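Visitor: Questions regarding the structure given below will be posed in turn.
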Amino acid sequence: MPRTVIEVTKEALHFAAAHFTLFSATERENLHGHNFFVALEIEAEVGDDGLAFDYNIVKTALKALCDGLDERTLLPERSPHLSIERDDGYVVALFNGERIPFLPRDVRTLPVANITVEALAAWFLQQLKADPAIKALDIHRLVAKVSSGPGQWARAEG
């Protein structure tokens, strides 16, 4: 069977989120936002019917992941420099003596060390590989890509 690589890049596969990158135990960016874009490459065999798989399965999963991050402040759960508490109805990020409070509805914590395009690409890949609908597909390779602006992408492959 011949193999093909399908690239899924749709206008709807994006999310707007706030974050700050952590550079060290004492340095971080100011809180700011990006319009992040997500794409996926899928290597699979082409069947006798000329189709590798139902693209809608992948597009639906990617869209749901993007929607879960949209209009949120993203915080890293595994940072060696930042900790997260829930205190008096707030999610509080603790960094270098600063207490940065957020309303819970405005925050999404992720099991990553930093909120960067590199970490987000790896997170997307991990989520997709764990999705039962995607696991059921005969896929040989996935590459998740995340961009925080034109011409700046990170890739995670597995």
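The values are calculated or read from the model by the stated rules, or taken from the named source; none is laboratory data. In this text the structure is predicted, and so the values were computed from the model without any measurement. Cβ placement follows ideal geometry from the backbone for every residue including glycine, while neighbour counts extend to all protein chains displayed. For accessibility, only protein heavy atoms count, side chains too; no ligands or nucleic acids. Shrake-Rupley method; radii C 1.70, N 1.55, O 1.52, S 1.80 Å.
Visitor: Only one of (1) in a strand (DSSP E or B); (2) within 17 Å of Leu13 (Cα to Cα); (3) free of Cβ contacts under 8 Å to residues at least 12 places away in the same chain; (4) of a type outside the set (Val, Ile, Thr) fails for Ala64. Which number is that?
Guide: (1)
Visitor: State whether one or more residues within segment 80-95 are assigned to a loop (DSSP other than H, G, I, E, B), in contact with a strand residue (DSSP E or B) (Cβ under 6 Å, 6 or more places away or on another chain), over 24 Å from Arg28 (Cβ atoms) and touching a residue at least 12 places away in the same chain (Cβ under 8 Å).
Guide: Checked against the condition, which is being assigned to a loop (DSSP other than H, G, I, E, B), in contact with a strand residue (DSSP E or B) (Cβ under 6 Å, 6 or more places away or on another chain), over 24 Å from Arg28 (Cβ atoms) and touching a residue at least 12 places away in the same chain (Cβ under 8 Å), segment 80-95 yields no hits at all.
Visitor: Moving on. Given (1) open to solvent by less than 70 Å² (accessible area, probe 1.4 Å); (2) at pLDDT 95 or above, identify the lone condition not met by Lys63.
Guide: For Lys63, the failing item is (1).
Visitor: When you scan segment 118-137, how many residues do you find that are in contact with a strand residue (DSSP E or B) (Cβ under 6 Å, 6 or more places away or on another chain) and open to solvent by 20 Å² or more (accessible area, probe 1.4 Å)?
Guide: Residues in segment 118-137 being in contact with a strand residue (DSSP E or B) (Cβ under 6 Å, 6 or more places away or on another chain) and open to solvent by 20 Å² or more (accessible area, probe 1.4 Å): 2 in total.
Visitor: Only residues that are hydrophobic (A, V, I, L, M, F, W, C) and either part of a strand (DSSP E or B) or free of Cβ contacts under 8 Å to residues at least 24 places away in the same chain (or both): list them for segment 21-56, please. Walk me through how you get there before you give the answer.
Guide: Keep residues of segment 21-56 that are hydrophobic (A, V, I, L, M, F, W, C), which gives 22-23, 25, 31, 36-40, 42, 44, 46, 51-53.
Within segment 21-56, Leu22, Phe23, Phe36, Phe37, Val38, Ala39, Leu40, Ile42, Ala44, Leu51 qualify.
Visitor: Might you let me know whether segment 11-20 holds any residue that is at pLDDT below 95, over 30 Å from Ile100 (Cα atoms), out of contact with any strand residue (DSSP E or B) (no Cβ under 6 Å at 6 or more places or on another chain) and in a loop (DSSP other than H, G, I, E, B)?
Guide: Yes.
Visitor: Name, by its number, the condition in (1) touching a Phe, Trp or Tyr at 6+ places or on another chain (Cβ under 7 Å); (2) under 22 Å from Gly151 (Cα atoms); (3) among the charged types (D, E, K, R); (4) surrounded by 15 or more Cβ atoms within 10 Å (Cβ to Cβ) that does not hold for Glu41.
Guide: It fails just one condition, (1).
Visitor: Another question, then. Kindly list the number of the only condition in (1) out of contact with any Pro (no Cβ under 7 Å at 6 or more places or on another chain); (2) open to solvent by 90 Å² or more (accessible area, probe 1.4 Å) that fails for Arg78.
Guide: Against the list (1) out of contact with any Pro (no Cβ under 7 Å at 6 or more places or on another chain); (2) open to solvent by 90 Å² or more (accessible area, probe 1.4 Å), Arg78 comes up short only on (1).
Visitor: Which residue out of Thr73, Thr109 is surrounded by fewer than 19 Cβ atoms within 10 Å (Cβ to Cβ) and either under 19 Å from the mean Cα position of the chain (by Cα) or modelled with pLDDT under 95 (or both)? Quick ask: steps written out before the conclusion?
Guide: On the way: Thr73 fails: surrounded by fewer than 19 Cβ atoms within 10 Å (Cβ to Cβ).
From the options Thr73, Thr109, the qualifying one is Thr109.
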